[in-house]
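As structure tokens, the structure follows; a few thoughts come after it.
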Amino acid sequence: MAFCRFCGSQIPDGTVCPCQQNAAPQPTVTQVAPQPQAQSAGEQAAAIAAKAGAAAKNAFNGFIPYLKAFTKAPGETVTDAVLNNRFSIALGFVAINALTLIIAIWSLLGSIVSLGTKASGAFGMELDIKLPVFRMIFGGILMSVAAIALCAVTLLIFAKIGKTGLTFKGAFIVAAFRSFWPSVLILGGTLIGLIGGVFGIIIAVLTLSFAAQMITVTAIGDINNFGGCAPSTTGKTFLVPILYAVANGVICIVLMMLFSWCTSGVKIEGTSLGNIFELLEMLG
């Protein structure tokens, strides 16, 4: 007789204890790490929107102190922005300038359409005039970016002449910051022109002229401070006013071309406003 080594029961020779027959082998369990659940498209979009909102909030919180400082001490603030590479802050000034130009273009084309409607009404006609909304918005952005970028290129050219080591990014920061006060003047002139009648239009034109003079004065100062070139009657600095005049002419031509692109989008019964201008020039 034998005894089962598992349960201790007595078993006949040559047989197997029932406890071993009923015992089934236990499977080995493998621990599997939980898989992360995939986010849905809506959750991903919400996460992206949250990150974008946080980034916009941080940019706005960083822009406001610089704007306040610039209104109090423009020169020191611009210098600090260049030294600390505040390119994102400069983009805030570009946005202000672009918004100002969009409002100015919108009001000007709106005034043209209003005059055309009144003139046609005096002759008993009704014209179907459509404003190019996309061109006015995109055109204002293009004009702002082009003007500031070309001003930066101009300053960079003088920096190369003066060997100051100013980079294009630094020149762009200077040009973007300097666009603030002209933007304020242009916006003010535009609003006065809308609500002030003939007198308001005169004030608006004078305001725009003063804005152009401000741009020139600040540009000459930046050419001296950041470009290392001061206007004089001798040496390489004799070329400063000539080069600036050429650069200013190029900027004006580019802006006029962009504005012409905006006006050509005004449709008067299927005819663009730009073509009408050409027709009037030919008749004149």
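The values are calculated or read from the model by the stated rules, or taken from the named source; none is laboratory data. The structure presented is a predicted model; accordingly, all values stated were derived computationally and were not measured. Cβ placement follows ideal geometry from the backbone for every residue including glycine, while neighbour counts extend to all protein chains displayed. Areas reflect the complete protein model, heavy atoms only, side chains present, ligands, DNA and RNA absent. Shrake-Rupley method; radii C 1.70, N 1.55, O 1.52, S 1.80 Å.
Data overview
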| item | result |
| --- | --- |
| Hits in segment 227-265 (condition: open to solvent by less than 60 Å² (accessible area, probe 1.4 Å), farther than 23 Å from Gly170 by Cα, in contact with a Ser or Thr (Cβ under 8 Å, 6 or more places away or on another chain) and at pLDDT below 80) | Gly265 |
| Criterion violated by Ser179 - all others in (1) in contact with a helix residue (DSSP H, G or I) (Cβ under 6 Å, 6 or more places away or on another chain); (2) open to solvent by 30 Å² or more (accessible area, probe 1.4 Å); (3) within 21 Å of Ser107 (Cβ to Cβ) satisfied | (2) |
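Residue by residue, here is whether (1) open to solvent by less than 20 Å² (accessible area, probe 1.4 Å); (2) farther than 14 Å from Val78 by Cβ; (3) out of contact with any Leu (no Cβ under 7 Å at 6 or more places or on another chain) holds:
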{"site": "Ile161", "(1), (2), (3)": "no, yes, yes"}
{"site": "Leu194", "(1), (2), (3)": "no, yes, yes"}
{"site": "Ile202", "(1), (2), (3)": "no, yes, yes"}
{"site": "Phe210", "(1), (2), (3)": "no, yes, no"}
{"site": "Ile215", "(1), (2), (3)": "no, yes, yes"}
{"site": "Asn225", "(1), (2), (3)": "no, no, yes"}
